[in-house]
Each structure stands twice: as C-alpha cells, then as structure tokens.
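For reference, the structure is listed below as structure tokens.
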Amino acid sequence: MSSTDDYTRRYQGALMNTFGTPKSVLTRGHGAHVWDEDGSEYVDLLGGIAVNALGHGHPAVVEAVTTQLQTLGHISNFFASEPQIELAEKLLSIAGADGKVFFANSGTEANEAAFKLTRRTGRTHLVAMTGSFHGRTMGSLALTSKEAYRTPFEPLPGDVTFVPYGDADALAAAVTDETAAIVIEPIQGEAGVVVPPEGFLTAARRIADEHGALLWFDEIQSGMGRTGRWLASQAEGVTPDIVTLAKGLGGGFPIGACLGLGRAASLFEPGNHGTTFGGNPVACAAALAVIRTIEEDGLLEHVTVLGHKLRDGLAADPRVAEVAGEGLFVGIVLTEQKAAEVAAAALKAGFIVNNATTGRVRLAPPLVLTADDAEAFLAAWPRILDEAWS
Ligand SMILES: *Cc1c(COP(=O)(O)O)cnc(C)c1O
C-alpha cells in the first residue's frame, strides 16, 4: 500500500466529508511552488484559493509571526496590542477613507460582522447578487446565491433579495428606502472570476445613496493586491461604506477584517459584537508583513504587468473563448465545458489550477509568481488543452 492510500484511508476515517477526498497530500512549499509526499513539484497557480499572497514560507511573514509569537502570542480584546492598531490604521489608509475596523479570523466571520453592522441601521432588507459567494456561516450563506449550498440549511436569516450580477436596472428596481445594504463582490471569485460591466459599481453607489442604504463590497477574494490594486473596486474609484477582507490579508495566516467607512464606522456600540481570537497580535503581525512586502517589493505593479502577459498568453489558444479578470485574478472561459478536464491535465503537467465551474478555470496565484513560472505555464497550456480535449 502506497502512503497516499494510507493518507486517504486515514483522512476518510477522521475528517468530516465536507470537501470530498483531497487530490493529494502536500508536504512542503516554497514561493509559488509546492511538493507532495511523493516528491512531485507543482506550480501553485491557485495560491490556497487566493490566500498565499506572498507564496509559501515567505521570510517576511515567517519573521513577523515568529518574532510576534515569541513576544506576545494572544491577549484578549480586554487589551490592545500595537500590531492590531497599526494594521487597522494601515487598512484604512489602503481603503482611502476614514473609518474603523473590526478584526475576525476568516472571510465568513468578517461578513457576519458586516451583516450585523447593516442591522444597526434599523433596517433589515439586503440586496445581494446572483452568482455570489459570501461564506458558509448562516448569515453569509443567506447572502450566497448558490442553491446547492443554501437549500440543506434553510431557513436562513431572511429579507434578502437577489438581483442579476452586473444589472444596474435590476438593482435600482430592488433597492428601496427599507434597504439596509447592497452587498457586491467587485469581481466574483467562486463564480469563476466574473467581472461586472463597467459602471456597475458606480451605479450601485448612486442607488445606495438615493435610498440611504449602505454599499458593502466583499473584497475577501478580490482585495489585497490581487488585481494589481489594493482593492478591486478602486479600478472604478468607488468608495463603499463597508469593505470585508480575508484570504490574502494574512498571507496564509487566518485573519479577516470588516472595515466600516464613514457613517458605517460607528454603527456598533460596546456589546454589539465580539470575538476571542479576532485581532490577535500574531495574525495582525502577519498581515502587516504582507502589506509591507507588497509595498516595498512593488508587487502591485508586478501583478499588473505579469497579469497582462499571462492573460494575453492564455487567450491566444482558440479553445479559450475569453479570459476575464484583472491582475493575477484570472477566469479562463473555455469554448467547451471542460474545466474539470483542464484542471486534471494541468495537475498532471505540474500546475495547480481550479475548475471554478464546468466551463471556467480560475487562477489566483501568489502575487510573487515569477515571470519564469508564468511562462512555463503558458508553454504547457496548449498541451494541457490537448489532453483535456482528447
Ligand atoms: C472565500 C470567500 C468568503 C469566505 O471566506 P472564508 O474564509 O472561507 O470563510 C467570503 N467571500 C468571498 C468573496 C470569498 O471569496
């Protein structure tokens, strides 16, 4: 029996079956590369689902986490720590607006905080988008459109209207003076990297203002430099009232954040919300290291330049109908429903990609992906498609 069979048996015996059986057991990572237990090497073009912003084992993150853990690992929110305050200040400066931050440990928790924040307007109606993904806890699930995720857990927290993603007229028709907030992913991630028509976010801002509703951008997947900007919504220059962040924020260390900007900053009062782990100094130190490295190494520029090259190269094959996305947030629309076959062929060729839907392949590699790794993938791309089509 190979050790893979052994791991599979142990995994199935001990882990709840929520994810199906994993493809393989990874043992090591370095930069954008990972190795499995058989010693096979892969270029990680999914980055732990848009999480490993600086790749694996980045010295800045390792150093920040190690130093902080040796100094002060966990305190409660009865006390403050320097990394927590500094990170909050940094995130607000990234968002480019006055506001306040609530720290959590994951994306769905950041969204739960935001969901509760919207209730403090005194209104309960929320407008969300078809194709949306906001997380798996009950509140976030209520805002997630996919029926397969929702149905087994109904009834979910109510008063949510879904409108077609990118349809400003439908949005205008759905929002009323009773609407607490509009929640939008500026680029939809789990849907396979779907970009809305230009002007949609601007229209959402106007519609929210007309009705006194909050505009909430879920940038958990699209934020923190993934698109070549700190926030994907900055491409349209729209400032929301709420931004939620997680995934890339901690560079692999679990952390989430809910930013309340303008009037949303002060909707919570003492006792309204809380967390034991959220904002702990180690997670905040990791996130600060990520932000500093993105700044010091010019990674936003790198992501923009390399993203263009990667997307243009991928689009050159006739089996690709469209390459959507910005920066290193890439959705490859295939001419046939072969995304699963493409993901399998890519893995065989040494590249980790994701079949987000049956017809869309998603890439969200580390922001430190090298030009060499991108070129290696482009060189292998026609062969990967040959195999998927065979
Ligand atoms: C991944 C994701 C979430 C949920 O984050 P978790 O950390 O898995 O809870 C929420 N919103 C978006 C847009 C995401 O991509």
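The values are calculated or read from the model by the stated rules, or taken from the named source; none is laboratory data. These numbers come from a predicted model, not from an experiment. Because the Cβ atoms are built from the backbone with ideal geometry, glycine has one as well, and the counts that use them run over all protein chains shown. Protein only, heavy atoms only, side chains kept; ligands, DNA and RNA dropped before computing areas. Shrake-Rupley method; radii C 1.70, N 1.55, O 1.52, S 1.80 Å.
Give the number of residues within region 157-175 that are open to solvent by 30 Å² or more (accessible area, probe 1.4 Å) and not in a helix (DSSP H, G or I).
Within region 157-175, residues that are open to solvent by 30 Å² or more (accessible area, probe 1.4 Å) and not in a helix (DSSP H, G or I) number 9.
Please give the number of the condition PRO270 fails out of (1) within 12 Å of the ligand (Cβ to nearest atom); (2) open to solvent by 50 Å² or more (accessible area, probe 1.4 Å); (3) without any contact (Cβ under 8 Å) to a residue 60 or more places away in the chain.
(1)
Between THR275, THR244, which is within 14 Å of the chain's Cα centre (by Cα) and either within 14 Å of the ligand (Cβ to nearest atom) or open to solvent by 10 Å² or more (accessible area, probe 1.4 Å) (or both)?
On the way: THR275 fails: within 14 Å of the chain's Cα centre (by Cα).
The conditions single out THR244.
Here are some residues: THR357, THR275, THR293. Which one is within 30 Å of SER76 (Cβ to Cβ) and assigned to a loop (DSSP other than H, G, I, E, B)?
Numbers: THR357 fails: within 30 Å of SER76 (Cβ to Cβ); THR293 fails: assigned to a loop (DSSP other than H, G, I, E, B).
Only one candidate passes the filter, namely THR275.
Can you tell me which condition ALA364 does not meet? The list is (1) of a type outside the set (D, E, K, R); (2) open to solvent by 10 Å² or more (accessible area, probe 1.4 Å); (3) under 23 Å from VAL61 (Cβ atoms); (4) touching a residue at least 24 places away in the same chain (Cβ under 8 Å), and all the others hold.
That leaves (2) as the condition not met.
Can you pull out the residues in region 59-91 that are of a type in the set (A, V, I, L, M, F, W, C) and either within 16 Å of the ligand (Cβ to nearest atom) or touching a helix residue (DSSP H, G or I) at 6+ places or on another chain (Cβ under 9 Å) (or both)? Don't jump to the end; show me each part of the working.
Residues of region 59-91 that are of a type in the set (A, V, I, L, M, F, W, C), as a first pass: 60-62, 64-65, 69, 72, 75, 78-80, 85, 87-88, 91.
Answer for region 59-91, where residues must be of a type in the set (A, V, I, L, M, F, W, C) and either within 16 Å of the ligand (Cβ to nearest atom) or touching a helix residue (DSSP H, G or I) at 6+ places or on another chain (Cβ under 9 Å) (or both): ALA60, VAL61, VAL62, ALA64, VAL65, LEU69, LEU72, ILE75, ILE85, LEU87, ALA88, LEU91.
Out of region 345-382, which residues are more than 23 Å from VAL195 (Cβ to Cβ) and either among the hydroxyl-bearing types (Ser, Thr, Tyr) or not assigned by TED's automatic domain parsing to the domain that holds LEU314 (or both)?
The answer is THR370, and nothing else.
Among the candidates GLY262, GLY250, GLY199, GLY212, single out the residue that is open to solvent by less than 10 Å² (accessible area, probe 1.4 Å) and either assigned by TED's automatic domain parsing to the domain that holds THR130 or among the charged types (D, E, K, R) (or both).
Numbers: GLY262 fails: open to solvent by less than 10 Å² (accessible area, probe 1.4 Å); GLY199 fails: open to solvent by less than 10 Å² (accessible area, probe 1.4 Å); GLY212 fails: open to solvent by less than 10 Å² (accessible area, probe 1.4 Å).
Sole residue among the options that is open to solvent by less than 10 Å² (accessible area, probe 1.4 Å) and either assigned by TED's automatic domain parsing to the domain that holds THR130 or among the charged types (D, E, K, R) (or both): GLY250.
Return only the number of the condition from (1) assigned to a loop (DSSP other than H, G, I, E, B); (2) under 20 Å from ALA364 (Cβ atoms); (3) open to solvent by 30 Å² or more (accessible area, probe 1.4 Å); (4) of a type outside the set (A, V, I, L, M) that ASN52 does not satisfy.
Among (1) assigned to a loop (DSSP other than H, G, I, E, B); (2) under 20 Å from ALA364 (Cβ atoms); (3) open to solvent by 30 Å² or more (accessible area, probe 1.4 Å); (4) of a type outside the set (A, V, I, L, M), ASN52 violates only (3).
Assuming ARG136 fulfils every condition listed in (1) without any contact (Cβ under 8 Å) to a residue 60 or more places away in the chain; (2) open to solvent by less than 20 Å² (accessible area, probe 1.4 Å) apart from one, which condition is it?
Condition not satisfied by ARG136: (2).
Would you pick out the residues in region 324-351 that are β-branched (Val, Ile, Thr) and either surrounded by fewer than 21 Cβ atoms within 10 Å (Cβ to Cβ) or assigned to a loop (DSSP other than H, G, I, E, B) (or both)? Write out each step before concluding.
Let us first name the residues in region 324-351 that are β-branched (Val, Ile, Thr), namely 330, 332-333, 335, 342.
Those that are β-branched (Val, Ile, Thr) and either surrounded by fewer than 21 Cβ atoms within 10 Å (Cβ to Cβ) or assigned to a loop (DSSP other than H, G, I, E, B) (or both): VAL333, THR335.
Could you give me the residue pairs with C-beta distances under 9 Å whose first residue belongs to region 33-60 and is in the same structural domain as LEU363 (by TED's automatic domain parsing) and over 16 Å from ASP372 (Cα atoms), whose second residue is open to solvent by 40 Å² or more (accessible area, probe 1.4 Å) and among the aromatic types (Phe, Trp, Tyr) wherever it lies, and which are 6+ apart or on separate chains?
GLU37/TYR7
Counting only residues that are among the polar types (S, T, N, Q), give me the helices (runs of 4 or more DSSP H) lying completely in region 103-152 with at least 1 of them.
The qualifying helices (runs of 4 or more DSSP H) are 107-119, 138-142.
When you look at GLY237, is it under 20 Å from PRO83 (Cα atoms), surrounded by fewer than 20 Cβ atoms within 10 Å (Cβ to Cβ), at pLDDT 95 or above and away from the ligand (no atom under 16 Å from the Cβ), yes or no?
On the way: under 20 Å from PRO83 (Cα atoms): no; surrounded by fewer than 20 Cβ atoms within 10 Å (Cβ to Cβ): yes; at pLDDT 95 or above: yes; away from the ligand (no atom under 16 Å from the Cβ): yes.
In short, no.
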